[in-house]
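Have a look at the structure below, then the notes.
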Amino acid sequence: MAILMNLINGISLGSVYAIIALGYTMVYGIAKMLNFAHGDVIMVGGYMAFCSMTYLNWGPVPAVLLAIAVCTVLGIVVERLAYKPLRQAPSLAVLITAIGVSYFLQNAALLIWGSDPKVFTSVIHIPSQRLFDGQLIITGTAVATVLSCVVIMIALSLFTGKTKMGKAMRAVSEDKGAAQLMGINVNFTISMTFAIGSGLAAIAGVLLCSAYPTLMPTTGSMPGIKAFTAAVFGGIGSIPGAMIGGILLGIIEIFGKAYISTQLSDAIVFAVLIVVLLVKPTGLLGKQIREKV
Amino acid sequence: MGEPILKVDDINVWYGSIHAIKGISFEVYEDEIVTLIGANGAGKSTTLNTISGLLHSKTGSISFMGKNLAKIAPHKIVDEGLAQVPEGRRVFLQMSVAENLEMGAFTAPSSGIAADLEKVYSLFPRLKERRRQVAGTLSGGEQQMLAMGRALMSHPKLLMLDEPSMGLAPILVEQIFEIIGNLHKAGSTILLVEQNAQMALSIADRGYVLETGKIVHSGSGSELLASPEIKRAYLGG
């Protein structure tokens, strides 16, 4: 029963990683950049939900919507101000800028909200499910997290597979020049990708803070790095890869904590990543593109 | 002949410090096939990419149907009726054949897409057979057809083809040129960039010869084919 319990916790944590990893992987796929500020957008989402519930007494639904709206705009603004001017710059310059944006967001949060941790009230009001005479408890947060993850995955698959904008995103991610020759507005498409990724980060932030209710300016960093790992694990650029990578990472982390060592759980996570990359450098679902001449 | 539909006037294009296009001017009139020939690095693709708005000229102007293209956002140029089949085809390898064609119709109203798809499929029956396959699984010749079909989806008034024969077996080259000829007969105006000067000049109304960023010869297709200088330099004779 304990194994089942851990598995459920792992899937739940992994679902949060997966939602964050989607943002990393979509942005990487389309802009070929690692947006290391992505984790901090999670934190901003958390603070937005926290402030609207604590200071404005909003209910959970409007609070989550506000968090999504603010993060979506934040994603677009950061891309426009920090990354767009570097579209032609070497990737190292973009990477360092992203790290700079990450510190900027953390320090801005430090200025606004201070360094003392805030206690986040869960936005999820689903009662815990007790199964097998109370031997197996599934928290409402876990249920909501996994459900959100599934809904997001289905919605994104439909979006990229069926809609014109979604297909344009795939076209831009493959070949910006050719996409522009089709009349696709590449800059707008990149903006949209940042918007979607950041909106998802807000959802991840709220879910994360509901499960682990301490909110600090650095709250987003570690989940951000883990989700990045998950995206690479699953094959960066691949949407299903991010989902699978995230969930596997969550399971590995929880099992590592439960059965091996609490202190070493992060080390185990990264060790698994290294092994996977040694065996399959493109990640689990990474695409190896062969040019046909 | 009236006004040209495309008028390129004294364009200069740089890649960083490399002066790739040095004051090129030429025209394309309605219903013509015009070819730009020249060796690798002569500036043929650069010229097309400048017309398509992927690159920018520091001088001169490019006008298409009387409009100055420099004033139009690059992604809106397709809307003006200008489509390019890029060098190396550049189809979206991870997208299906049908999706590639839909991308070609990105700026077109969605109501006409189904009919346009059928038109392209009747022109290239192979694409219809393979419409659900991802483009990466197509052969080189099929990818070239897909790239051409994709460009046609936007109903271009001028179709620009960049080295459609590149990397194809001779039999496929003939087939591709036959298709270009048919498109022309069906009323398309075509600007054709080629290294295969023999093939290009034999179907072109007029041609321009590019050498290191400059136009060094121009004339009708048959004149250029007959010119001893061009024979020596480009036709291996």
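The values are calculated or read from the model by the stated rules, or taken from the named source; none is laboratory data. Note that the structure is a prediction, hence the values are computed from the model and not measured. For neighbour counting, all protein chains shown are included, and Cβ atoms are generated from backbone atoms with ideal geometry for every residue, glycine included. The protein model used for the area step is the full one, side chains on, heavy atoms only, and it has no ligands, DNA or RNA in it. Shrake-Rupley method; radii C 1.70, N 1.55, O 1.52, S 1.80 Å.
A few comments on the model shown:
- Each peptide in A:14-22, A:75-83 gets a packing score, the mean of other Cβ atoms within 10 Å over its residues, and the list from highest to lowest is A:14-22, A:75-83.
- With only the Cα atoms considered, the range B:35-74 has a convex hull volume of 81 Å³ per residue.
- Highest-MSF residue in chain A out of A:233, A:270, A:194 [GNM, Cα springs under 10 Å]: A:270
- The alpha-carbon atoms of the range A:184-227 define a convex hull whose volume equals 79 cubic angstrom per residue.
- Probe 1.4 Å - accessible area at residue B:14, Å² to nearest ten: 90 Å²
- In the protein assembly as shown, the DSSP-assigned H stretches of four residues or longer account for a calculated mean residue ellipticity at 222 nm of -17000 deg cm²/dmol, using -39500 (n - 2.57) per stretch and the full residue count as denominator.
- Peptide B:90-103 shows a mean partner chain C-beta count of 5 within 10 Å per residue C-beta.
- Calculated P(r) tail over 24 Å for the range B:57-176, as whole % of Cα pairs: 28 percent
- Protein-only accessible surface at a 1.4 angstrom probe places the residues B:212, A:282 in the order B:212, A:282, largest first.
- Using the Karplus relation 6.51 cos²θ - 1.76 cosθ + 1.60 with θ = phi - 60°, the per-residue 3J(HN,Hα) values for the range B:105-121 come to 9, 4, 8, 7, x, 5, 5, x, 5, 4, 5, 5, 4, 4, 4, 5, 5 Hz, with x marking Gly and Pro.
- Separation in nanometres of the label points that stand 7 Å from Cα toward Cβ, at residue A:73 and residue A:263: 4.6 nm
- The mean number of partner chain beta-carbon atoms within 10 angstrom of a residue's beta-carbon across peptide A:184-194 is 2.
- Dimensionless Rg/Rh of chain B - Kirkwood Rh, Rg from C-alpha atoms: 0.96
- Sorted largest first by accessible area at a 1.4 angstrom probe radius, with every protein chain in place, the residues A:150, B:34, A:143 fall in the order A:150, A:143, B:34.
- Percentage, to the nearest whole number, of Cα pairs in the range A:2-220 over 24 Å apart: 46 percent
- Top of B:214, B:71, B:128 by mean-square fluctuation, Gaussian network on chain B, Cα under 10 Å: B:71
- Spatial separation of Cα centroids for the range A:151-220 and the range A:70-85, in angstrom: 13 Å
- Inter-chain shielding of B:105-111 (mean C-beta neighbours from other protein chains, 10 Å cut-off): 3
- Mean-square fluctuations from a GNM of chain A, with a 10 angstrom spring cutoff on Cα atoms, peak among A:274, A:203, A:254 at A:274.
- Ratio Rg/Rh, restricted to the protein assembly as shown and using Cα atoms, in which Rh is the Kirkwood radius: 1.08
- The share of C-alpha pairs in the range B:117-237 whose separation exceeds 17 Å stands at 59 percent.
- Estimated translational diffusion coefficient (Stokes-Einstein, Kirkwood radius over Cα pairs, 37 °C, 0.692 mPa s) of the range A:97-237: 183 µm² per second.
- Measuring with a 1.4 angstrom probe and ignoring ligands and nucleic acids, residue B:31 comes out at about 90 Å² accessible.
- Sequence-distant aspartates and glutamates (8 or more away, or on other chains) whose Cα lies within less than 18 Å of residue A:257: A:266
- Net charge, residue A:191 excluded, C-beta distance under 13 Å - Lys, Arg +1, Asp, Glu -1: +2
- Phi angles across the range A:268-283 convert, under the Karplus curve 6.51 cos²θ - 1.76 cosθ + 1.60 with θ = phi - 60°, into 3J(HN,Hα) values of 5, 4, 6, 5, 4, 4, 4, 4, 4, 5, 5, 7, 9, x, 8, x Hz, Gly and Pro given as x.
- For residue B:157, the solvent-accessible surface computed with a 1.4 Å probe is close to 100 Å², ligands and nucleic acids excluded.
- Estimated translational D of the range B:1-117 in µm²/s (Stokes, Kirkwood radius over Cα pairs; 20 °C; 1.002 mPa s): 135 µm²/s
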